[in-house]
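Every number here is computed from the coordinates shown, using simple stated rules; none is lab data. Note that the structure is predicted; figures quoted are calculated from it, not measured. Reconstructed Cβ throughout: ideal geometry from the backbone, glycine too, with neighbour counts over all protein chains shown.
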Amino acid sequence: MSTPVRILLVEDNPGDARLVRELLKEDSAFPYELIHVETFARAADALGQGPADVVLLDFSLPDGQGVRLLQNVADVDPNVPIIIFTGLDDEKVGLEAVREGAQDYLVKGQIDGRLLIRTIRYAVERKRMQIEREKLFAELQDLFRQVKTLRGLLPMCAWCKKIRDDEGEWVALETYIVEHSNADVSHGICPECAAKVHSRVVAK
């Protein structure tokens, strides 16, 4: 990551926030910009002013906690990766957060700078890949919908190869394709037709 990673830390405990700042300084090669807020409301305001690359979220805040808090942050920005901070040495809490959309979780008091930075890097990359997969899936669905518009029985003139459209008008095949899909039509000549044209020219 050559550009600074914009980190939004949502933590109401000053001591824990100060610790995160110190841990991030342990790797001088890791560029980052840290924004610290103490409540969900302020986190929502910060995300509204500009996107963050990752959110470090305390799982218990004065104005929200648990899975509902996680969902509230995701509602504000569905594309931002979220790493949960929990003070409970309970793997079930972290796993529940991951099942509900968090990229990862960290237990307070059990992390160092190397682990924190590595978790941030992985969370950002996993979220990026997830977004790309979702985009590709949406594009494939759109493509399938386009293909479906050209399925079924198409009335075609046996002589001129025109297609009768939905309004009963006879239109060129390429016109029908363009109007019923996002495809563009380019014109060329196949080898068989090229050979026929060539033979006719030579015969003349």
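A few remarks follow.
- Taking 0.36 nm per residue of sequence separation and removing the Cα-Cα distance, the Arg126/Glu167 pair yields an extension gain of 9.9 nm.
- Protection-proxy order for peptides 164-171, 87-94, each taking the mean of Cβ atoms within 10 Å per residue, highest first: 87-94, 164-171
- Arg133-Val76 FRET efficiency (beta carbon distance; Förster radius 22 Å; 0.05 resolution): 0.50
- Positive dipole terminus of the stretch 75-124, leading residue within Leu116, Leu95, Ile84 (C-beta point charges): Leu116
- Across the stretch 11-150, the relative contact order, built from alpha-carbon pairs under 8 Å that are at least six residues apart, equals 23 percent.
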